[in-house]
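Novice: The structure is given below, and queries will be raised subsequently.
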Amino acid sequence: MASFRGTYTSSVVKGRIKLPKRLRDVLGTFPDGRFVIGYSGDGCLVIFSEADHEKEERRLNRLDYQLGDHRRIQREFMRRFKDIGFDQQGRCTISQDFLDEAQIKEEVLIFGAGKRLEFWDPQTYQKFNLQKEGEEPYEQVVENNFRRKP
């Protein structure tokens, strides 16, 4: 399976964002070419293949609908995503409510993050990426979560 990686910038013109060629090439490797876009709790928009998104949906559908917290998780997750398409030039149209939610205006940072793409407003990302008081540095988080066991 192809993987998204790298950092790119693009412009937003009339709600449309054009992906750089490298990312367009990766998009072309997905068999069905279907994707979803959603708002992440981190402050960015995320794009997944429909197949990867459906895996998460199946996991959520195993939650007990009778429990209020489970219904809320299902509802909030599903309402944050919409189908999205790319034209032959690698452009996608993003609804204004999503652009507003992520505070994306004229410029967008695009990060390849494995199975997903992330679209960030540059200033929002800068604020998000700054280490907050009491928060561990990125390197420490990586070490804590991916430490090799002897």
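The values are calculated or read from the model by the stated rules, or taken from the named source; none is laboratory data. Quantities reported herein were computed from a predicted structural model and do not represent experimental measurements. For neighbour counting, all protein chains shown are included, and Cβ atoms are generated from backbone atoms with ideal geometry for every residue, glycine included.
Novice: Can you work out which of the residues in the range 1-30 that are of a type in the set (Ser, Thr, Tyr) and assigned to a strand (DSSP E or B) is nearest to Lys115 (Cα to Cα)? Lay out the reasoning, then the answer.
Specialist: As a first pass, look at the range 1-30 and keep what is of a type in the set (Ser, Thr, Tyr): 3, 7-11, 29.
Still in the running and assigned to a strand (DSSP E or B): 7-11.
Numbers: Thr7: 14, Tyr8: 16, Thr9: 19, Ser10: 20, Ser11: 23 Å.
Going through the qualifying residues, I end up with Thr7.
Novice: Does Phe119 fit the bill of being touching a residue at least 60 places away in the same chain (Cβ under 8 Å), loosely packed, with under 14 Cβ neighbours inside 10 Å and under 13 Å from Gly43 (Cα atoms)?
Specialist: Values: touching a residue at least 60 places away in the same chain (Cβ under 8 Å): yes; loosely packed, with under 14 Cβ neighbours inside 10 Å: no; under 13 Å from Gly43 (Cα atoms): yes.
So Phe119 does not fit the description; no.
Novice: How do the helices (runs of 4 or more DSSP H) wholly within the range 55-150 filter down when requiring 3 or more residues that are of a type outside the set (Val, Ile, Thr) and modelled with pLDDT of 85 or more: which remain? Full working, then the answer.
Specialist: Working: elements: 68-79, 96-101, 122-129, 138-146.
Output list reads 68-79, 96-101, 122-129.
Novice: Then there is this: Go through Gln74, Gln66, Gln89 for me and flag whichever is over 17 Å from the mean Cα position of the chain (by Cα), of a type in the set (S, T, N, Q) and surrounded by 13 or more Cβ atoms within 10 Å (Cβ to Cβ).
Specialist: On the way: Gln66 fails: surrounded by 13 or more Cβ atoms within 10 Å (Cβ to Cβ); Gln89 fails: surrounded by 13 or more Cβ atoms within 10 Å (Cβ to Cβ).
That would be Gln74, the only listed residue that is over 17 Å from the mean Cα position of the chain (by Cα), of a type in the set (S, T, N, Q) and surrounded by 13 or more Cβ atoms within 10 Å (Cβ to Cβ).
Novice: Return yes or no: is Val13 touching a strand residue (DSSP E or B) at 6+ places or on another chain (Cβ under 7 Å) and of a type in the set (A, V, I, L, M)? It would help to see each step written out before you state the result.
Specialist: Details: touching a strand residue (DSSP E or B) at 6+ places or on another chain (Cβ under 7 Å): no; of a type in the set (A, V, I, L, M): yes.
Taking the combined requirement at face value, the residue does not satisfy it.
Novice: If you scan the range 1-53, which residues turn out to be loosely packed, with under 12 Cβ neighbours inside 10 Å and in contact with a Pro (Cβ under 9 Å, 6 or more places away or on another chain)?
Specialist: If the condition is that a residue be loosely packed, with under 12 Cβ neighbours inside 10 Å and in contact with a Pro (Cβ under 9 Å, 6 or more places away or on another chain), then Thr9 is the only one that fits.
Novice: Applying the selection to the range 44-53, what residues are among the hydrophobic types (A, V, I, L, M, F, W, C) and outside any strand (DSSP E or B)?
Specialist: Initial filter on the range 44-53 (among the hydrophobic types (A, V, I, L, M, F, W, C)): 44-48, 51.
Once the filter is applied, which keeps residues that are among the hydrophobic types (A, V, I, L, M, F, W, C) and outside any strand (DSSP E or B), the range 44-53 yields Cys44, Ala51.
Novice: Give all pairs with beta carbons closer than 8 Å in which a residue from the range 99-112 that is among the hydroxyl-bearing types (Ser, Thr, Tyr) meets a residue that is modelled with pLDDT under 95; count only pairs at least 6 apart in sequence or on separate chains.
Specialist: That search, which allows pairs on different chains as well, returns nothing.
Novice: Please go through the range 33-43 and pick out each residue that is farther than 19 Å from Arg91 by Cβ and in a loop (DSSP other than H, G, I, E, B).
Specialist: Passing the criteria: Ser40, Gly41, Asp42, Gly43.
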